[in-house]
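Worksheet: one structure, shown below.
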Amino acid sequence: MRLAVWDVDEPFRRWRDALIQHAGELRLAVQVIDACADPDAQADFALVWHPPAQWLAGQQQLRAVFNLGAGVDALLPLMRAHLPEVPLIRLQDAGMGRQMADYVAEAVLRAYRRMDDYAALQAHATWEPLVLPARGGFRVGLLGLGQMGLAVARRLQALEFALLGCSRSGRQPDGFDFPVYAADGLQEFLAACRVLVVLLPLTQSTRGLLDYASLSRLPRGAYVVSAGRGAVLCAEDLLDLLDQGHVAGATLDVFDTEPLPADDPLWRHPRVRITPHVAAQTLVGPAAAQVMRKIAALERGESPGGVVDPDLGY
Ligand code: NDP
Ligand code: OXD
């Protein structure tokens with residue numbers, strides 16, 4: 001069985017060693033190919049992060065493509081164009097949930113404890129204790145209740161924040177009893193969020209979802225954390241609402257254009273904190289272990305989790 005890895009961000013040997021380590025009983029049958037170095041080699045399974053379309057188009061015997069990340073917005077159009085019959089399978093958590101929970105918890109605690117306000121006071125050497133918001137009214141809304149959203153929910157619940165959620169289906173996630181809105185309840189959901197945490201995939205229905213009208217539904221003084229995909233949120237509209245004081249601040253990890261251009265006004269906004277798409281990064285060990293488990297499931301004729309629905313786009 002030939003596994004081709006295309007990932008220019010990670011040394012190939014790290015993937016090869018981890019995949020072999022987690023190959024279990026398949027070990028003797030597994031051959032791992034560096035597709036970047038040997039683009040003409042044909043494989044049974046591809047493990048990819050931002051592969052070129054031409055390479056995908058040249059693969060003739062693939063049984064499945066594994067996306068070495070959670071979001072498939074970049075890969076799905078290439079699959080549709082070149083490999084429409086081949087299943088696309090994404091990572092499910094694989095160590096990213098804990099990182100995302102860390103990232104969001106830091107931003108929520110920072111907003112709750114008014115750390116940006118203290119930073120502004122410190123700039124003027126001002127000693128002024130501020131009133132904390134009432135904990136019960138400081139409701140954190142999770143837009144997206146998938147692998148990332150639920151990892152964040154677990155952490156915020158442990159930190160005793162009141163939560164609410166919104167997903168496409170509005171399904172109540174197992175083990176949680178906070179209110180959950182379906183996609184058609186988005187406006188009502190937004191109106192109840194003191195902090196909005198955006199953890200949506202980028203799809204046809206989520207692109208531009210958080211525009212001026214939607215973001216205006218947030219209560220005055222709300223805080224925004226965006227770590228799903230940049231194009232879900234209209235940055236110009238967010239800037240307008242920040243300047244009007246309607247949105248109090250934002251922590252942003254993802255952007256419509258990445259890297260965020262140096263002249264983008266977001267960089268210099270005093271109420272915006274920016275990170276370079278690092279909220280939750282792919283971890284080679286857990287990702288390789290998960291991919292090998294999924295290949296073993298396919299070999300047994302079972303359907304692994306994380307198969308992308310091309311119509312839904314995630
Ligand atoms: P999942 O597929 O597990 O979850 C997606 C969630 O979004 C589901 O709850 C789904 O609803 C919901 N959803 C989809 N469409 C809509 C809609 N129109 N309105 C409301 N909710 C919707 O994905 P993950 O949680 O694993 O990841 C989410 C995204 O986070 C990824 O697609 C990726 O883009 C991004 N990401 C960013 C990282 C970073 O470092 N910044 C790291 C990892 C992921 P339902 O439950 O009904 O299906
Ligand atoms: C992902 C990401 O989708 O890192 O996994 O953004």
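The values are calculated or read from the model by the stated rules, or taken from the named source; none is laboratory data. Because the structure is predicted, anything quoted here is derived from the model rather than measured. Cβ placement follows ideal geometry from the backbone for every residue including glycine, while neighbour counts extend to all protein chains displayed. We work out accessible area using only protein heavy atoms, side chains counted, and drop any ligands, DNA or RNA first. Shrake-Rupley method; radii C 1.70, N 1.55, O 1.52, S 1.80 Å.
Couple of notes before you dig in:
- Cβ-Cβ distance of Gln60 and Arg207, R₀ of 25 Å, FRET efficiency by 1/(1 + (r/R0)^6): the value works out to about 0.20.
- Where only DSSP H runs of four or more residues are counted, the chain gives -9000 deg cm²/dmol as its mean residue ellipticity at 222 nm, each run worth -39500 (n - 2.57).
- Couplings 3J(HN,Hα) of region 178-192, computed from phi: 6, x, 10, 9, 7, 3, 6, x, 4, 5, 5, 4, 4, 5, 9 Hz, in residue order, whole Hz [Karplus 6.51 cos²θ - 1.76 cosθ + 1.60, θ = phi - 60°; x for Gly and Pro].
- Carbon + sulfur, % of accessible area of the chain - ligands and nucleic acids excluded, 1.4 Å: 51
- Where both bridge residues fall in the chain, DSSP classifies roughly 5% of the beta bridges as antiparallel.
- Length available on full extension from Leu132 to Ala74: 0.36 nm per residue minus the Cα-Cα distance, which gives 16.7 nm.
- Length available on full extension from Arg98 to Ala119: 0.36 nm per residue minus the Cα-Cα distance, which gives 4.8 nm.
- Per-residue 3J(HN,Hα) values for region 230-247, derived from phi via the Karplus relation 6.51 cos²θ - 1.76 cosθ + 1.60 with θ = phi - 60°, read x, 6, 6, 10, 7, 5, 4, 5, 4, 4, 4, 6, 5, 5, 7, x, 5, 9 Hz in sequence order (x marks Gly and Pro).
- Spin-label model, Arg154 to Ser303: label points 7 Å out along the Cα-to-beta-carbon direction sit 2.5 nm apart.
- Highest GNM mean-square fluctuation among Tyr181, Tyr103, Tyr118, for the chain modelled with Cα contacts below 10 Å: Tyr118.
- Candidates per trypsin sites (Lys or Arg not before Pro) in region 143-176, loop by DSSP, up to 13 other Cβ within 10 Å: Arg171
- Segment Ile274-Arg171, length gained on full extension (0.36 nm per residue, minus Cα span): 33.9 nm
- Region 96-274: C-alpha gyration tensor shape, a/c 1.5 cut-off, then a/b vs b/c: oblate
- Over the Cα atoms of the chain, the radius of gyration divided by the Kirkwood radius equals 1.01; this is the Rg/Rh ratio.
- For the chain, accessible area per residue (1.4 Å probe, heavy atoms of protein chains only), Å²: 48
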